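The values are calculated or read from the model by the stated rules, or taken from the named source; none is laboratory data. Because the structure is a prediction, the values reported are computed rather than measured. Cβ placement follows ideal geometry from the backbone for every residue including glycine, while neighbour counts extend to all protein chains displayed.
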Amino acid sequence: MGIKQSSSTHSKGAFLPDASSFLYALLAGGVLIFILWPTIAILKESILVDGTFSLERYRDLLTGNRTLLKNSLFVGWWTTVLAVLIGLCCATYVTRTSFRGKRAVLGVLLMTLISPPFVSSLSYIMLFGRRGLVTWRLLGISWSPYGAHGVILMESVGLAAVAAFLIMAVLRGIDRSLEQASFDLGAGRWETLIRVTLPLAAPGIVTAALIVFIRSLSDFGTPMFIGGNYNVLATQAYMVAMGSYDLPKAAAISTILLVPAFLVFLVYRKLMSGAPLFSSKSVAAGDERPLPGAVRWFVFSVVWSFVLFEGMKYGAILCGAFVKTWGVNFSFTLQHLNTLQLTKLGSLLRSVRYSFVAALVAGLMGVVMARFIGRRATLFSRAVEFIADLPFILPGPFFGIAYLLAFNRLPEAFLGTGFLIVANCVYRQLSLGIKSGVSVLKQINPELEDAVRDQGGGGLAVLRDVTGPLLMPAFLVSFINTFTFTMTTIGGIIFLITPYTKVLTAEMFDAIQSGDIGASSVMASVIILVAMAVNVAFSWLLLKGRKKGSEVEYVPSFGATR
Amino acid sequence: MRRVVALVAMVALAVLVGSAAFADADRPLAGRSISIFTAATGKDETFAEFTKDTGIEVHYLEMSSGEVLSRLRASGGKNLADAWFGGGVDSFIAAGEEGYLESYRSPEAEMIPDEYKSSGGYWTGLSLVAVDLIVNTDVLKEKNLPLPKTWLDLGNTDYKDELIMSNPTISGTNYAVLFHLIQIYGEEAGWDLIQKMDANIPFYTKRGAAPPNKAAMGEVAIGIDPYDIGVQIVAQGYPVVSVFPEEGVPGFIAPIALMKGAKDMEAAKAFIDWCLSKRGQEVQMTYTAKVGTRPDAEVPEYLQGLGKAKIVVADPVKVGEMRDSILDRWQQEFGDKAEQ
């Protein structure tokens with residue numbers, strides 16, 4: 001203990017100074033090239049008209065397209081309110097009630113979290129369309145499903161899971177003895193809930209609201225499929241970029257999306273700096289008192305309506321994959337599955353391959369960077385960390401169009417191999433990897449590493465025997481999240497697809513767009529199954545690792561906007 | 001150990017070289033691959049046959065023809081794909097004029113009548129696409145609406161919110177419809193009808209395939225339909241019928257073209273030759289309901305129904321010339337309602 005006081009300077013020296021500095025420079029350079037440079041490229045494109053600075057595009061957008069902005073904010077606001085309400089109820093149900101069926105609720109939440117964002121739109125038309133199974137066949141009502149109401153409804157249930165997991169993490173972390181103290185001081189159940197529990201959970205609720213809001217703003221799939229002629233900024237960005245290929249205009253539109261997202265990001269960073277990404281063990285304190293009856297039953301009914309709704313949603317998709325003609329002929333068929341096998345297998349395998357590579361790279365980069373950033377509090381490290389955090393909130397279309405602009409002139413080898421698609425996904429998810437790495441490293445006593453060195457172990461021995469095993473859970477978390485993200489994302493990468501790099505989400509996007517229910521359902525089911533299998537397998541690995549004493553808990557991906 | 005590895009490597013190499021050298025003597029381009037943009041039905045099956053015949057692998061990206069055109073314009077001449085298969089002829093004409101296409105007169109194209117070919121050799125007609133209406137009879141019965149028989153009927157206010165078409169600035173099919181209506185009714189009455197139809201259309205979809213699918217699902221009663229898609233929907237058993245409006249329907253050419261700067265010119269030319277050959281045309285007619293442009297290719301039984309329709313083949317030159325003025329006017333008057 002007393003032998004090496006100056007452990008920090010020493011350990012830097014022992015850990016191959018040149019190689020590690022070089023590695024750090026390389027990783028930091030990657031962050032600058034693949035995050036900062038595209039961001040600058042898109043901003044530049046949006047303000048240059050014929051080579052000179054001009055805000056003309058923004059003026060045109062703000063005067064000519066005010067409706068779009070208004071629609072985006074309207075949908076974003078109501079989606080946030082509803083999604084957070086449902087999420088809060090689910091989180092409360094799981095952490096604060098004695099109701100049964102928590103596993104079922106968690107399962108449905110996980111399923112919602114990992115399925116591609118626009119799957120909802122598909123089942124919405126199948127169930128609630130003008131000829132939907134529920135609206136028309138069961139209830140016999142004829143209504144117009146297209147418009148803001150459908151978009152808000154489907155975005156809310158889709159994003160409720162994100163909110164639920166975030167709020168759950170915070171609720172679990174609340175020190176129960178504070179509530180106990182409130183009871184002991186004579187407060188009732190209502191007073192304790194409103195004046196103690198909710199304020200303590202507020203950071204989680206606010207964070208959830210902010211993330212839901214950004215994700216709603218950047219979602220273009222749902223409004224495109226079920227909005228009818230109700231348009232929002234994100235769909236306009238997509239259409240302008242892909243339909244008329246007016247990249248400067250698309251850049252300007254997605255930059256407008258960025259403004260609220262960036263404000264939210266600043267608040268988010270402030271809030272998250274305190275809250276742990278990995279929830280620590282909650283503090284158990286004596287007997288727990290139930291929530292007020294009215295609250296309990298409200299929570300119960302919201303949660304089970306949600307579960308029922310989601311059950312129908314996924315049920316419809318699964319059935320749609322195996323019935324001949326949805327809505328007309330419900331007889332069983334393997335025909336859609338065969339079509340997938342014949343023509344879309346290549347895209348499926350490509351999706352899995354990209355996801356695997358992206359997950360591996362993001363996982364490794366995350367933990368290595370965590371080691372550098374966690375231990376060095378220089379201004380440069382902080383700047384790198386800040387930039388690495390950015391893509392977490394950047395709207396998908398913004399980051400995708402940014403890549404298109406920044407890397408359009410790369411040689412064919414990069415474009416044709418999916419390099420850009422993988423890079424886009426890796427850098428979207430990197431910040432989560434860094435964060436989980438840092439939070440694990442904080443739990444490691446630096447003297448443990450010194451101890452190995454004192455025994456004569458070099459940098460590699462430290463990595464192999466101490467840091468490596470301890471960082472394993474952080475790597476796994478990052479791996480699962482990035483895999484799931486890459487497997488299900490569309491918002492950013494749709495702009496980067498070439499004939500050689502088609503992935504299954506893009507095929508599904510096309511199929512939904514053309515209204516091919518059978519093919520879309522098969523693809524949606526396959527994507528969900530693959531993502532689910534990997535999540536289950538890797539969280540099992542993670543849990544197995546935990547028995548060895550690590551304190552990490554699995555928090556599934558609630559991250560970047562898809 | 002090292003020797004074993006070396007041996008395995010050598011054997012593997014020998015097998016690879018050997019198979020490349022001998023197995024494909026009759027398929028000189030086997031093992032190469034091309035990339036194409038396409039908007040067509042039955043493409044997976046058709047391309048699989050092509051690969052079987054030639055050994056050339058096809059990678060495709062599905063894009064409406066208008067999308068391809070704007071992407072070509074934006075990339076400023078950078079090569080994006082080797083060939084372009086199917087879609088609206090209007091975009092091909094524009095792309096040829098703007099220098100994005102390579103002139104290529106396939107030897108197989110000799111059989112094809114001149115009116116289906118670009119005079120500059122930039123594109124060659126693959127097939128003739130007809131447009132019809134897919135009408136959901138259940139919805140008509142329920143809403144007590146008559147079966148539409150003419151284009152004029154589609155302007156009838158009874159069909160409010162029951163008609164759907166796709167955005168003509170993106171979908172070549174639906175541009176062909178606008179062009180056709182203006183041709184048969186004249187400038188003034190044509191636009192008048194387009195306006196009345198617009199009043200019945202809740203929104204415009206992005207893909208040409210969406211309107212017939214929406215009609216099949218009962219989301220609307222009537223969808224304007226590229227015939228090859230409607231045929232599949234009728235075959236799937238939806239309660240729909242295909243209607244050819246009495247005034248005649250637009251028949252437009254689905255071309256194939258070689259892209260300027262194609263990475264593998266030779267393989268891309270082989271692809272075009274195959275698509276225009278008798279065999280290629282017959283394969284395509286098996287998998288997609290379009291009549292091939294080659295007179296000696298046999299038309300399958302199920303396509304004979306097209307014979308009943310009065311098809312008006314649009315003059316491709318005129319189609320190309322009027323594109324900008326028609327679409328600009330459409331965008332100005334009705335563009336707000338396009339699905340985004």
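Scanning the range A:454-496 for residues that are in a loop (DSSP other than H, G, I, E, B) and surrounded by fewer than 20 Cβ atoms within 10 Å (Cβ to Cβ), we see that the one that is nearest to the other protein chains (Cβ to nearest Cβ) is A:Gly458. The residues in the range A:344-386 that are surrounded by 18 or more Cβ atoms within 10 Å (Cβ to Cβ) and either among the small types (Gly, Ala, Ser) or under 21 Å from A:Ala261 (Cβ atoms) (or both) can be counted, and the count is 12. Within the range A:45-83, restricting attention to residues that are modelled with pLDDT of 90 or more and among the small types (Gly, Ala, Ser), the residue that is surrounded by the fewest Cβ atoms within 10 Å (Cβ to Cβ) is A:Gly76. Looking only at the range A:395-447, residues that are away from chain B (no Cβ under 14 Å) and free of Cβ contacts under 8 Å to residues at least 24 places away in the same chain come to 2 in all. Checked against (1) under 17 Å from the mean Cα position of the chain (by Cα); (2) surrounded by 24 or more Cβ atoms within 10 Å (Cβ to Cβ), A:Gly515 passes all but condition (1). Any idea which of B:Val234, B:Val283 is within 14 Å of chain A (Cβ to nearest Cβ) and either out of contact with any helix residue (DSSP H, G or I) (no Cβ under 8 Å at 6 or more places or on another chain) or buried (at least 20 other Cβ atoms within 10 Å of the Cβ) (or both)? After ruling out the rest, the residue left standing is B:Val234.
Of all the listed residues (B:Gln232, B:Gln331), the sole one being part of a helix (DSSP H, G or I) and farther than 30 Å from B:His59 by Cβ is B:Gln331.
Set side by side, the residues B:Ala95, B:Ala81, B:Ala74 differ, and just one is more than 9 Å from every other protein chain (Cβ to nearest Cβ), aliphatic (A, V, I, L, M) and not in a strand (DSSP E or B), which is B:Ala95. Could you tell me whether any residue of the range B:155-163 is within 9 Å of chain A (Cβ to nearest Cβ) and surrounded by fewer than 24 Cβ atoms within 10 Å (Cβ to Cβ)? Yes, the range B:155-163 has at least one match. Counting only helices (runs of 4 or more DSSP H) that sit wholly inside the range A:48-150, those with at least 3 residues that are of a type outside the set (Val, Ile, Thr) and touching a Ser or Thr at 6+ places or on another chain (Cβ under 6 Å) are A:66-96, A:119-128. Consider the range B:56-71 and keep the residues that are outside any helix (DSSP H, G or I) and among the β-branched types (Val, Ile, Thr). The one that is nearest to the other protein chains (Cβ to nearest Cβ) is B:Val58.
The residues of the range A:228-249 that are buried (at least 24 other Cβ atoms within 10 Å of the Cβ), more than 7 Å from chain B (Cβ to nearest Cβ) and over 17 Å from B:Thr169 (Cα atoms), listed by number, are A:Val232, A:Leu233, A:Ala234. Counting the residues of the range A:324-335 that are more than 11 Å from chain B (Cβ to nearest Cβ) and surrounded by 15 or more Cβ atoms within 10 Å (Cβ to Cβ) gives 0. Residues that are within 14 Å of chain B (Cβ to nearest Cβ) and in contact with a helix residue (DSSP H, G or I) (Cβ under 7 Å, 6 or more places away or on another chain) are absent from the range A:294-307.
Considering the conditions (1) over 14 Å from A:Arg130 (Cβ atoms); (2) small (Gly, Ala, Ser); (3) within 14 Å of chain A (Cβ to nearest Cβ), B:Ala215 is excluded by exactly one of them, (1).
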